[in-house]
Amino acid sequence: MENFQPIRQLHNQIAAEYKTSAKYHFIGYLLHSEKIYELDGLKSGPSLIGFLEEGKDWISVASLRINDVIKVLLNNNYKFHLFALVADRKEILKDNLNKDKAIRSEIERRLGLNIEHKVNEEEKEKYKEVLAKLSEEKTTLQSMYNIVKVSIEKAEAEIDAEEKRRQEQDKEIRKKNYDYIPFLLSMLNTLGKHKHKKDLKP
């Protein structure tokens with residue numbers, strides 16, 4: 001994260017706008033070999049903060065340490081952001097969609113259905129283990145075929161909704177980051193030339 005230049009540049013840009021000397025600094029937490037580590041960019045190496053216990057989520061262990069860090073930051077009037085690195089929802093939806101399409105195509109082949117829903121060999125190879133587990137019984141295949149068709153329609157709708165959500169999000173970000181000052185100065189200058197300044201109300 002600290003070596004990722006786009007994030008570094010954005011951080012420094014925001015810090016300059018708010019006239020703060022905030023350090024470009026990240027603290028991360030991860031699970032490795034049933035051990036939970038803290039990765040602090042200001043330290044030379046990882047710090048072991050706990051162990052994964054049976055029946056427990058490692059995040060619940062890490063959250064105890066995170067809460068302690070937050071308390072220290074708040075007590076010292078530090079500003080910070082907390083976020084999680086997770087898989088891209090759109091990519092997950094697309095992967096599920098492609099898998100369902102591969103299953104649909106294989107079922108159509110086995111049932112001898114004359115429908116053009118072909119998938120390329122690369123997709124077949126990617127999901128070959130899933131396809132190999134499909135039942136050979138025609139009634140079961142037909143039932144699964146109906147389920148997969150609904151699943152495909154749902155996934156396509158969700159991908160479309162996710163794309164629209166991102167477009168709206170991008171619009172809002174552009175609005176927030178747009179510099180309106182030149183426009184306002186130009187408008188005031190134009191109004192002044194036409195002697196409309198007196199009509200402006202605070």
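The values are calculated or read from the model by the stated rules, or taken from the named source; none is laboratory data. This structure is a prediction, so every number in the text was calculated from the model and none was measured. No Cβ is skipped: glycine too gets one built from the backbone with ideal geometry, and neighbour counts run over all protein chains shown.
Scan (1) small (G, A, S); (2) more than 16 Å from the chain's Cα centre (by Cα); (3) part of a helix (DSSP H, G or I) for the single condition S135 breaks and write down its number. The number of the failed condition is (3). Being at pLDDT below 90, of a type outside the set (S, T, N, Q) and more than 18 Å from K94 (Cα to Cα) is the requirement here; does E136 meet it? So E136 passes the test.
Yes/no matrix, rows are residues, columns are (1) at pLDDT 90 or above; (2) in a loop (DSSP other than H, G, I, E, B):
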| residue | (1), (2) |
| --- | --- |
| E54 | no, yes |
| S60 | no, no |
| N67 | yes, no |
| V72 | no, no |
| N77 | no, yes |
| H81 | no, yes |
| L85 | no, yes |
| E91 | yes, no |
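Conditions (1) in contact with a Cys (Cβ under 7 Å, 6 or more places away or on another chain); (2) closer than 23 Å to E153 by Cβ; (3) in the same structural domain as I27 (by TED's automatic domain parsing), marked per residue:
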position: K56; (1), (2), (3): no, no, yes
position: V61; (1), (2), (3): no, no, yes
position: N67; (1), (2), (3): no, no, yes
position: I70; (1), (2), (3): no, no, yes
position: F80; (1), (2), (3): no, no, no
position: F83; (1), (2), (3): no, no, no
position: N96; (1), (2), (3): no, yes, no
position: K101; (1), (2), (3): no, yes, no
position: R104; (1), (2), (3): no, yes, no
